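Notes for the one structure printed next.
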Amino acid sequence: MRIGVALGRYATQITSALSQRIGIDAETVSPEVDAQEYDFFIAVDDEPVPHGKEVRRYITDRRVQATQWTVVATRCLLTAAVERGNQTPTSVPLPVDSPKMLQPPPSGVALLGGRDQTPLRDTFDSAGIEMLEIDDPRVGIVVDPSVAESRLEPLRKAMSQEKVIVAMSSNMTAADTIRNNSNGYLVSQLLQLRPAIDELMTNDNERHRLGFEARKSVAAANWQRVIRALLLDGRTGSPYLEEFSPRSARKRWKERLGHAHRWENARYSNNQLALPDEHVDLSRLGQLRKMNIERTLSSGDL
């Protein structure tokens, strides 16, 4: 199988992940190459690819204009993927590099959003909280005041550097990545940003704990998982989830009997599964299994 990878910011990582798979020949391609030489193309967001062959895209931003939303980088994009025509989208977290940290996160504060957050920046400045640039080595706390949604990559990149994120709980991107008081802070009102920042600036242990957990939570993502999702073929429908009820339990029992279908009319009592002329002793089963069988067969006949 020959796969073309669109030139872009993650082309090297994607090509490297593909090259580790048996039977796949992957290389980066420009939009001008002959599409017929490839089985399909992989791209991130709106990266251009040659026309004439299937394109599978890894989507990291809601503003992407392309129609092929094959795999998304956060669960809050799943609905948008369905709206674009993918009825069974897959969500795989965006991998980011996790640099080696030589010291715990410092107490400096940065604000995501740059110039768009000038009023909020002025508010913090007037309160005596200096707002630094996010790449400043003195930064260990990052404030994301976006109410609805924000860009995923800067958020995860900051977490990979053990910077503690303080974000709004209504921010779908942040809420999908951050667990409040576990690997960051989520607040419900803008007025709560200031107390959260004060706590992190003054409490070194809390800042170090959250920074460590933030880095650990994003380190699990890798490009092999992304590639695996992009290579899936023939996925149709959604998993069928049975309810835990006697009716569904009896249905599963019937489906699993197989060659032992004659036991489908058996009765269970006193640790015995019995037919008129035959029985099976279940007395040696564990208590949990006995309880499950009794609950499943409580109505007598299967």
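Below are the figures for this structure:
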{"quantity": "Packing-based order for 91-100, 170-179, 146-155, using average beta carbon neighbours within 10 Å, highest first", "calculated": "170-179, 146-155, 91-100"}
{"quantity": "Computed lengthening from D125 to D25, 0.36 nm per intervening residue step minus Cα-Cα distance", "calculated": "30.6 nm"}
{"quantity": "Rounded FRET efficiency, nearest 0.05, which uses the C-beta distance separating T202 from L282 and R0 of 45 Å", "calculated": "0.15"}
{"quantity": "Mean separation of Cα contacts under 8 Å (6+ apart) over length of the stretch 115-206, as relative contact order %", "calculated": "21 percent"}
{"quantity": "³J(HN,Hα) computed for each position of the stretch 18-27 - Karplus, 6.51 cos²θ - 1.76 cosθ + 1.60, integer Hz, glycine/proline x", "calculated": "5, 5, 7, 9, 6, x, 10, 10, 10, 7"}
{"quantity": "Chain lengthening between Q189 and F212 when straightened (0.36 nm per residue, less Cα-Cα)", "calculated": "5.7 nm"}
{"quantity": "For I42, residues with placed amide H under 5 Å, excluding near neighbours", "calculated": "G4, V5, A6, R56"}
{"quantity": "In nm, spacing of pseudo-spin labels at N271 and K100 (7 Å Cα→C-beta vector)", "calculated": "6.1 nm"}
{"quantity": "Chain lengthening between D39 and A219 when straightened (0.36 nm per residue, less Cα-Cα)", "calculated": "61.6 nm"}
{"quantity": "Relative contact order, percent, the stretch 1-119 [alpha-carbon distance under 8 Å, six or more residues apart]", "calculated": "16 percent"}
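Bear in mind these aren't lab numbers, they're just calculated from the coordinates by the rules spelled out. This is a predicted model, so every value here is computed, not measured. In this analysis, Cβ positions are derived from the backbone assuming ideal geometry, glycine residues included, and neighbour counts consider all displayed protein chains.
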